Amino acid sequence: MIAFAMEQPKVSVAPEAVFHIGSFIVTNSQLLSVIGIAVILAVLFTAKRQVKKGGRGRLMHMVMWMFESLYDTTVEVIGDRAVALKVMPLAITLFLFFLINNWLGILPFTGDALTYHHVAMFRGAAADMNTTFALAILSMGTAQVWAIRRHGFFGNIRRYLVSPFKDPLHSFEGALEIVAEFSRTLALSLRIFGNVFGGEVLLAVIGFLASWAAPLALPLFYILELFVGAVQAYVFFMLTVAFISLGLPQAEADGHGDDAHAPRAGAKKQKQQPAES
Amino acid sequence: MDQLPFALAYAIAAAGCGIGLGLVGAGAVQAAGRNPEALGKIRTLMILAMSFVDALAIIGLVVALIAKFLK
């Protein structure tokens with residue numbers, strides 16, 4: 001609550017160092033992401049214990065519902081159950097990490113409410129460009145690994161580098177594809193960073209502008225931010241899966257008959273969107 | 001007058017995104033009008049497409065903030 005009553009919102013784009021372990025800098029974003037991981041582990045292990053007891057629990061059903069619907073989405077986009085099962089763990093881990101951290105990042109104890117030597121102690125994990133960029137590189141790297149696994153090493157390179165004498169159009173397309181891979185990585189990380197960081201600034205500014213009416217105005221924006229946090233986590237998950245399926249050869253889905261073909265055509269349309277944005 | 005560049009950095013991005021969001025919403029409403037049974041799927045797709053468009057405006061906001069606070 002102290003954060004909302006302050007005179008002017010303080011905006012820092014980069015995370016600040018809270019303390020050092022040797023020469024390793026521990027920033028406030030890292031502290032909150034460690035807490036987020038602990039929360040995720042606690043939730044999942046509680047759900048696991050409920051499953052083992054064979055009993056029922058709200059948490060267990062919630063986790064199972066989430067996993068099932070995310071798995072269905074993955075199968076729908078990739079179009080191959082075996083590949084989807086292997087892609088799913090990474091994608092759902094990223095989703096959970098961002099979901100829990102986005103929600104933790106706007107709780108009242110983050111920001112300037114709790115300070116340690118005049119430095120905010122906690123800050124949303126995705127409000128740190130380092131985290132989002134690292135995870136975007138991870139997901140794009142996984143997409144490359146899948147492409148190499150399916151096309152072969154030289155087959156993967158042939159997707160980008162085509163001889164201009166054989167096929168001038170595809171050669172130009174391949175060159176554009178190289179640029180697109182980098183811009184996708186940057187856009188993927190900037191999208192979630194911008195939304196989460198922008199959301200935190202928005203809350204601080206609304207709290208500042210509304211001053212004494214903040215208790216009335218802020219809950220609305222809080223609901224908005226909870227929604228945005230969940231949607232952005234889902235978008236990150238969705239794009240990771242879509243980029244991985246982009247690298248898989250088209251012919252593979254054709255071998256599985258018509259029912260595998262149909263979702264693939266729908267998935268291809270979705271994949272075009274991120275490339276343009 | 002000093003604040004103008006930062007305001008413009010957001011305003012131009014938001015103007016384009018306004019048009020984009022309008023197109024997404026119009027498309028979703030038309031699709032729902034043609035096929036009301038698919039409303040659930042259309043809503044999911046609409047929110048997904050909106051978040052792609054939204055991201056550009058928010059990147060504009062972040063660029064403005066970075067330019068303002070990282071001098």
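Hydropathy first: keep DSSP H helices in chain A averaging at least 1.6 on Kyte-Doolittle, then drop any whose Cα extent along the axis falls short of 15 Å, and list what survives.
Values: long enough: A:28-52 (36 Å, 1.13); A:58-78 (30 Å, 0.60); A:81-105 (35 Å, 1.48); A:129-151 (32 Å, 0.49); A:168-210 (59 Å, 1.10); A:214-247 (48 Å, 1.83); A:258-276 (29 Å, -1.84).
Span-like helices, by this rule, are A:214-247.
Dipole size in debye (nearest 20) for the protein assembly as shown around its Cα centre, Lys and Arg Cβ +1, Asp and Glu Cβ -1?
On the way: 26 positive and 22 negative charges, 163 e Å.
It comes to approximately 780 debye.
In chain A, with Lys and Arg counted as +1 and Asp and Glu as -1 at Cβ, which of these residues, A:235, A:199, A:165, has the Cα nearest the positive end of the dipole, that is, farthest along it?
Most positive-ward Cα: A:235.
Chain B: D in µm²/s via Stokes-Einstein (Kirkwood Rh, Cα pairs, 37 °C, 0.692 mPa s)?
Values: Rh = 13.5 Å.
Estimated via Stokes-Einstein, D reaches 242 µm²/s.
Once you average over the residues of B:43-56, how many Cβ atoms of partner chains fall within 10 Å of each Cβ?
Mean shielding count: 5.
What relative contact order, as a whole-number percentage, does chain A give when Cα pairs under 8 Å and 6 or more residues apart are counted?
27 percent
Once you charge only the Cβ atoms, +1 for Lys and Arg and -1 for Asp and Glu, what is the size of the charge dipole of the stretch A:50-160 about its Cα centre, to the nearest 20 debye?
Taking the Cα centre of the stretch A:50-160 as origin, the dipole is about 480 debye.
Please work out the FRET efficiency for the pair residue A:118 and residue A:230, using the Cβ-Cβ distance as r and a Förster radius of 35 Å; give the result to the nearest 0.05. Intermediate values should be presented prior to the final figure.
Numbers: r = 33 Å, r/R0 = 0.94.
Given R0 = 35 Å and the Cβ-Cβ separation, E is 0.60.
For the stretch A:121-203, which chymotrypsin sites (Phe, Trp or Tyr not before Pro) pass both filters: DSSP loop (anything but H, G, I, E, B) and at most 11 other C-beta atoms within 10 Å?
A:165
Stretched out fully, how many nm does the piece from residue A:51 to residue A:158 gain, at 0.36 nm a residue minus the Cα gap?
Gain on extension, residue A:51 to residue A:158, equals 33.8 nm.
Could you give me D for the stretch A:28-124, from Stokes-Einstein at 10 °C and 1.306 mPa s, where the hydrodynamic radius is the Kirkwood radius over C-alpha pairs? Units µm² s⁻¹, please.
Answer, rounded: 104 µm²/s.
Quick one: how many lysine pairs in the protein assembly as shown have C-alpha atoms under 22 angstrom apart, if they're 8 or more apart or on different chains?
8
Take residue A:64 and residue A:39, extend 7 Å from each Cα along the Cα→Cβ direction, and tell me the distance between the two endpoints in nm.
Roughly 2.5 nm, to one decimal.
Quick check: the angle from helix B:4-34's long axis to the longest principal axis of chain B, C-alpha only, nearest 10 degrees?
That helix lies at roughly 0 degrees to the long axis.
Could you give the angle, 0 to 90 degrees to the nearest 10, between helix B:39-69's Cα long axis and the longest principal axis of the Cα atoms of chain B?
The answer is roughly 0 degrees.
Report Rg (one decimal) and Dmax (nearest whole number) for the stretch A:129-186, counting Cα atoms only, units Å.
13.2, 42
What net charge is computed for the residues neighbouring residue A:191, neighbours being all others with C-beta under 11 Å from the C-beta of residue A:191, Lys and Arg scored +1, Asp and Glu -1?
Surrounding charge for residue A:191 is 0.
So if I place +1 on the C-beta of Lys and Arg and -1 on the C-beta of Asp and Glu, and nothing else carries charge, what would the dipole magnitude of chain B be about its Cα centre? I want it in debye, nearest 20.
Here the size comes out at about 80 debye.
Is the C-alpha gyration tensor of the protein assembly as shown telling us rounded, prolate or oblate? Criteria: a/c under 1.5 is rounded; beyond that, a/b larger than b/c is prolate, otherwise oblate.
Judged from the Cα gyration tensor, the protein assembly as shown comes out prolate (a/c at least 1.5, a/b above b/c).
Within 10 Å of each Cβ in peptide B:60-66, how many partner chain Cβ atoms are there on average? Round it to a whole number, please.
4
Report the one residue of A:99, A:131, A:59 whose Cα lies farthest in the direction of the positive end of the charge dipole of the stretch A:1-147 (charges on C-beta: Lys and Arg +1, Asp and Glu -1; origin at the Cα centre).
Toward the positive end, the furthest listed residue is A:59.
Where a number appears in this text, it was derived from the coordinates with a stated rule and is not lab data. None of the values given here were measured: they were computed from a predicted structure. Because the Cβ atoms are built from the backbone with ideal geometry, glycine has one as well, and the counts that use them run over all protein chains shown.
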